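The values are calculated or read from the model by the stated rules, or taken from the named source; none is laboratory data. This one's a predicted model, so the numbers in the text were calculated from it and none came from an experiment. So basically every Cβ, Gly included, is an ideal-geometry build from the backbone, and we count neighbours across all protein chains shown. Ligands, DNA and RNA are stripped out before the accessible areas are found, and what is left, the full protein with its side chains, is counted by its heavy atoms. Shrake-Rupley method; radii C 1.70, N 1.55, O 1.52, S 1.80 Å.
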Amino acid sequence: METYGLESLGIINPKAVYRNIEPADLVEIALRREEGVLSDTGALVVNTGDYTGRSAKDKFIVDTAGIHDKIAWGDVNVPIEREKFNAIKSKMIAYLQNREIFIFDGFAGADPMCTKKFRIVNELASQNLFIRNLLIRPTEEELANYGDADFTIIVAPGFKCIPEIDGTRSEAAIMIDYEAKTVIIAGSQYAGEIKKSVFSVMNFLMPEEGVLPMHCSANMDPETKQTAVFFGLSGTGKTTLSADPNRSLIGDDEHGWSERGVFNFEGGCYAKCIDLDPDKEPDIYNAIKFGSLVENVILDDKRHPDYTDKSITENTRVGYPIEYINNAAIPGVGGIPSVVIFLTADSFGVLPPISRLDKNAAMYHFVTGFTSKVAGTERGITEPTPTFSTLFGEPFMPMDPNVYANMLGERIDKYGTKVYLVNTGWTGGSYGTGSRIKLKFTRAMVTAALNGTLDSVEYKHDDLFNLDIPQSCPDVPAEIMNPKDTWEDKALYDETAKKLAKMFKDNFAKKYPNMDKEIVEAGPRA
């Protein structure tokens, strides 16, 4: 039996080994093993059990001398001793003996000058299908000459940690050893942990190569190649807004910005399914077909997906190859971004639906990363929760925020990139009273930002949030451009807005006490 080098990991007697096999084979095996069922669209549907979102508090980084001074240690980047990492890894390897093992050898980074090789070792065929969809798939020739991986990720959701013995917080553990070039994921079947582990590795490696890693989606005009990137946490609209039928999709979540332009880290998309509407999001809806991996979506008695059903989680997901999007840019590379969009889902309902940022304001909002975590994206989140996530991706950024922020500022200066803050959250009141801004209005505002229409309209300065708000936009009612106008209770708006502005100020003062004065003064003036 060919083992493809598993012995180097200590897996010496697997029951069977499957490497880079076809989606049809993976689906057949997953069905045989009762890992999931087929929907009437042909997609494989699985239930991920107790873990239906990322388990941020179960993530650790091995603290070693070689990387200690490069990591921004704290509540997000939590250290663990190599001895504990190695002990858990050894138990996982023992657990995987005499089991079917699924390997996917693939790439991250569509720019050939920045590509990294990742080996994913899975216990589950369904998770192997997922990561096959999400990473860049090698050709037969590339696979034959693959060589050794730059990083290895071992995934065993059936192995449960014992916190009292293993030094973990729960039965799950997501641990990265940057020096050993190894990641282990135990106890969680949520496939997003695998893709975000790849992202965390790329976010550590890329700055040393002069590349800004970004938690963003990206698309471009198919004719002019004019490129835009969309920063934002899960639930803010990165995937939805970048899947524009009039533009080519570069990628929906993870990118690098080099001196040559933007490039996708991935070869697929991981889209939210909750309330998925074929009219509003046809590209994503039509991508849910044979070969896709769907998580936690409820099927009716005819096996048709009910995308409105939240009984398992609001964080229902689908992973599919980017080729499933008709207007995907393959390979996933674009030009230098002419427009950067920061997406936020403001549950207070007081931020404008779109506003223009100068360089200092862009730096301020980049390091602040305000949004509201929506239900289901992380364990324990049941309703929109205001949060400040540095760089719109703090859980995945291991280095000091200034490393990434300074790289963005340099690029805005060098290329004259325009930056906008777009609120995809609430209007007319806070969560529970107001309503979410309609997707068609957000799309219209983004389109106007990309095509230059917003360059020539009247702007009004908001003194509290220190933002410049366009007063008109094609296909958008003028009354929603200024959020206070949408509230019946103007005094309550003022009170709520001041509350949020103070949250901005307090967060910035606590996290970034040494930030340049010009950047501090570009934020809200509570």
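How much length is gained on full extension from Asp277 to Glu81, taking 0.36 nm per residue of separation minus their Cα-Cα distance?
65.9 nm
Counting other Cβ atoms within 10 Å of each Cβ, which GluC sites (Glu not before Pro) in the range 12-96 have at most 15 and sit in a DSSP loop?
Glu34, Glu81
Which whole number of Å³ per residue matches the convex hull of the alpha-carbon atoms in the range 415-526?
So the per-residue hull volume is 127 Å³.
Do any trypsin sites (Lys or Arg not before Pro) in the range 424-459 lie in a loop, going by DSSP, with at most 16 other beta-carbon atoms within 10 Å of their beta carbon, and if so which?
Lys438
With a cut-off of 8 Å between alpha carbons and a minimum separation of six or more residues, what is the relative contact order of the chain in percent?
Result for the chain is 14 percent.
Could you give the dipole magnitude of the chain about its Cα centre, charging the beta-carbon of Lys and Arg +1 and that of Asp and Glu -1, in debye to the nearest 20?
In debye, rounded to 20, the chain gives about 560.
If the chain between Glu142 and Asp50 were fully stretched, how many nm would it gain, using 0.36 nm times the residue separation less the Cα-Cα distance?
Gain on extension, Glu142 to Asp50, equals 29.4 nm.
Can you tell me the mean projection area, over all orientations, of the convex hull of the range 223-280's alpha carbons? Units nm², please.
Mean shadow area of the hull around the Cα atoms is 4.7 nm².
With every protein chain kept in place and ligands, DNA and RNA left out, what is the accessible area per residue of the chain? Probe 1.4 Å, answer in Å².
Normalised by residue count, the accessible surface of the chain is 39 Å².
Given +1 on the Cβ of Lys and Arg, -1 on the Cβ of Asp and Glu, and no further charges, what dipole in debye does the range 382-526 carry about its Cα centre, rounded to the nearest 20?
260
Relative contact order of the range 399-526, please, whole-number percent, based on alpha carbon pairs below 8 angstrom and at least 6 residues apart.
20
Taking the dipole about the Cα centre of the chain, with the C-beta of Lys and Arg at +1 and of Asp and Glu at -1, give me whichever of Gly291, Gly237, Gly251 is farthest to the positive side.
Final value for the positive-end residue is Gly237.
Taking R0 as 56 Å, what FRET efficiency do you get between Glu22 and Ala491 from their Cβ-Cβ distance, rounded to the nearest 0.05?
That gives a FRET efficiency of 0.35.
Quick check: at a probe of 1.4 Å, how many percent of the accessible area of the chain sits on carbon and sulfur atoms?
Carbon plus sulfur share of accessible area: 48 percent.
Identify, among Val76, Asn133, Ala449, the residue whose Cα sits farthest towards the positive end of the charge dipole of the chain, taking +1 on the Cβ of Lys and Arg and -1 on the Cβ of Asp and Glu, with the dipole about the Cα centre.
Going by the Cα projections, it comes out as Val76.
Here are labelled values, [x] 4, 19, 30, 27, 14, 5, 1, 0; [y] 3, 17, 28, 27, 18, 6, 1, 0; [z] 3, 13, 19, 22, 20, 13, 5, 2, 1, 1, 0, and one is the computed P(r) over Cα pairs in 10 Å bins from 0, in percent for what I pasted. Which one?
Only one listed value fits the structure, namely [x].
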